[in-house]
Amino acid sequence: MSLSHALTDVTRIPGVRGALVVSRDDGLVVADALMEGVDGHAVAALAASLAARMRGVTAVLGQPEPVLLMLGATEGILLLAPGPSGLLLVAVAGPEVNVAELRLSLLAAAGTAF
């Protein structure tokens, strides 16, 4: 599966406002499919920072790296899944999204796209 197919699979879920592929190390946007008004650079920086912090926490605890991270807020959620090639697949969604469907789609795309 290509990066564009992965982004398309995630963004076709109702309530998703955008999806990005982000470099895990520096938080740069590799590819995106975002609705107008979504700041992809800010989302990418937040996602990379969150992933790095969680990797640090799990390392200290002697646990494996998380396969999915979710950050919830009043206006929506941010989900991210690390891919095996040092990239993160990130989704930005409103509070009305079906979180279970989005989680499954994100994990499937992250596992096959990279």
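Values quoted throughout were computed directly from the atomic coordinates according to the rules given, and no laboratory measurement underlies them. Predicted model only: the values in this text are computed from it and were never measured. Virtual Cβ from ideal backbone geometry, glycine too; neighbours counted across all protein chains shown.
Quick one: grab the alpha carbon gyration tensor of the stretch 68-114, order the square roots of its eigenvalues as a ≥ b ≥ c, and give me rounded if a/c is under 1.5, else prolate or oblate depending on whether a/b is larger than b/c. Display every interim value, and only then the final one.
Values: a/c = 3.15, a/b = 1.85, b/c = 1.70.
Prolate, since a/c reaches 1.5 and a/b exceeds b/c.
Among the trypsin sites (Lys or Arg not before Pro) found in the stretch 10-114, those both in a DSSP coil and sparsely packed, with 13 or fewer other Cβ atoms within 10 Å of their Cβ, are Arg12.
For the stretch 1-101, what does the alpha-carbon gyration tensor say about shape, rounded, prolate or oblate, given a ≥ b ≥ c as the root eigenvalues, a/c under 1.5 as rounded, and a/b over b/c as prolate?
Cα axes put the stretch 1-101 in the prolate bin.
Each helix, a run of at least 4 DSSP H residues, gives -39500 (n - 2.57); summed and divided by the residues of the chain, these come to -13000 deg cm²/dmol at 222 nm. Placing +1 on the Cβ of each Lys and Arg and -1 on the Cβ of each Asp and Glu in the chain, which of Leu50, Ile77, Gly40 has its Cα farthest towards the positive end of the resulting dipole? In the chain, that residue is Leu50.
Applied to the stretch 41-55, the Karplus parametrisation 6.51 cos²θ - 1.76 cosθ + 1.60 on θ = phi - 60° returns per-residue 3J(HN,Hα) values of 5, 5, 4, 4, 5, 5, 4, 5, 5, 4, 4, 5, 5, 5, 4 Hz, with x for Gly and Pro.
Residue by residue, the stretch 103-109 carries 3J(HN,Hα) couplings of 4, 4, 5, 5, 5, 5, 5 Hz when phi is fed to the Karplus relation 6.51 cos²θ - 1.76 cosθ + 1.60 (θ = phi - 60°); x denotes Gly or Pro.
With each label modelled as a point 7 angstrom along the Cα→C-beta vector, the His41-Gln63 pair spans 3.4 nm. Under the convention that each Lys and Arg Cβ holds +1 and each Asp and Glu Cβ holds -1, the size of the dipole of the chain around its Cα centre is about 260 debye.
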